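The values are calculated or read from the model by the stated rules, or taken from the named source; none is laboratory data. Just so you know, these numbers come straight off a predicted model, no measurement behind them. Quick reminder, even Gly has a Cβ in these numbers, built from the backbone with ideal geometry, and neighbours come from all protein chains shown.
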Amino acid sequence: MHPAEPSLSDIISKTESLSSAEPMLELISSDDSGFHVTDNKLVAWIIGTRKYSPWVLKSTMSKIWKLISDVQVQRGPEGSFIFIFEDVKERDEVLEEEPWLLDNNLLILKKWPPDKSFQALDFSTTGFWLQVHSLPPSNWNQQNAQKIGQLFGGLICVDNVQGPSQEWHPFLRLKVRGILPGIAMGSSMVILPLHLGLGLGQPQAVRALRELIVKHSPSIVFLMETKKKRKYLESVRRKLGFTNEFYVDPCGLSWGLALWWTEETQISVLNACPNFVDCDTVLTG
């Protein structure tokens, strides 16, 4: 006997019971298995065009940080690196003294909480030390340091404000959280600041720059130490698809700045010198 074919009403009833909702799972955290994100680790992100191996980072940063104990370096997710410190105190000292530069490229360091994914880590900020000069003595206090920190990403600490003191300091030194546009995910405007080191005349530098632009799709690219005249830089800019430009020519074989931006971005250059370009920026797209 052949099974009876379902009626139209049966088919409609089963169709109405279907659901397109995604299943919800409650996952279980465990310290006994999986990758252990412990207190002795830091995740590092390098802002620059040069590629590094874990061995080079271990050798170079151990010397820069003047470590006494050992540190291991592993490749992490999405081009990051994981530093594993033998001494947690040395890890804390490294964090306290940030920012760190590697071949003039910014090294962003973050703790990795065990309850967060790598994608949830915020590499858009890092600590920077500021010197505030010409303040009246009565303004040297924690409250004003907090106000100054609010102009940036917030105050981290103050170096030389410890209450009433008879000791004179030439400036107020405080550490603030600097915001690095272009590193945050989901931003409507992506800015890619790059220190080129050996300049843009090397084919490998142009290739690395192209790879970064394809990866991040920036609205603005700011290049430092181009060491090339604008005629050469213009040919590179056109190949990379940027419609607008501003240059500060190098002095001999040193320096050189290039600012490129897309059609949907408006930039008005206010001032420029071999060390910086001051501008107003508006995203119109």
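Return the residues of the range 65-88 that are of a type outside the set (V, I, T) and farther than 21 Å from S117 by Cα; say none if nothing qualifies. So that I can check it myself, show each step before the final result.
Within the range 65-88, the subset of a type outside the set (V, I, T) is 65-67, 69-70, 72, 74-81, 83, 85-87.
Result: W65, K66, L67, S69, D70, Q72, E86, D87.
I want to confirm something. Restricting to the range 244-273 and keeping residues that are assigned to a loop (DSSP other than H, G, I, E, B) and either more than 25 Å from the chain's Cα centre (by Cα) or within 24 Å of N104 (Cα to Cα) (or both), which single residue is modelled with the highest pLDDT? Out of the qualifying residues, it is D249.
Cβ-Cβ distances below 8 Å connect the following pairs, each with a first residue in the range 91-109 that is among the β-branched types (V, I, T), a second residue that is assigned to a helix (DSSP H, G or I), and a separation of six or more residues or different chains: V94/W65.
On the given criteria, is N244 assigned by TED's automatic domain parsing to the domain that holds L209, closer than 28 Å to D103 by Cβ and without any contact (Cβ under 8 Å) to a residue 24 or more places away in the chain? Here the answer is no, as N244 does not meet what is asked. With respect to the conditions (1) in the same structural domain as I64 (by TED's automatic domain parsing); (2) at pLDDT below 80; (3) exposed (fewer than 12 other Cβ atoms within 10 Å of the Cβ), P137 falls short on a single one, namely (1).
Inside the range 37-70, can you point out the residues that are of a type in the set (D, E, K, R) and touching a residue at least 12 places away in the same chain (Cβ under 8 Å)? Lay out the reasoning, then the answer.
Residues of the range 37-70 that are of a type in the set (D, E, K, R), as a first pass: 39, 41, 50-51, 58, 63, 66, 70.
Matches in the range 37-70: D39, K41, R50, K51, K58, D70.
Residues of the range 223-243 being hydrophobic (A, V, I, L, M, F, W, C) and either part of a strand (DSSP E or B) or touching a helix residue (DSSP H, G or I) at 6+ places or on another chain (Cβ under 8 Å) (or both), which ones? Correct list: L223, M224, V236, L240. Restricting the range 223-243 to residues that are surrounded by fewer than 16 Cβ atoms within 10 Å (Cβ to Cβ) and polar (S, T, N, Q), the residue that is modelled with the lowest pLDDT is S235.
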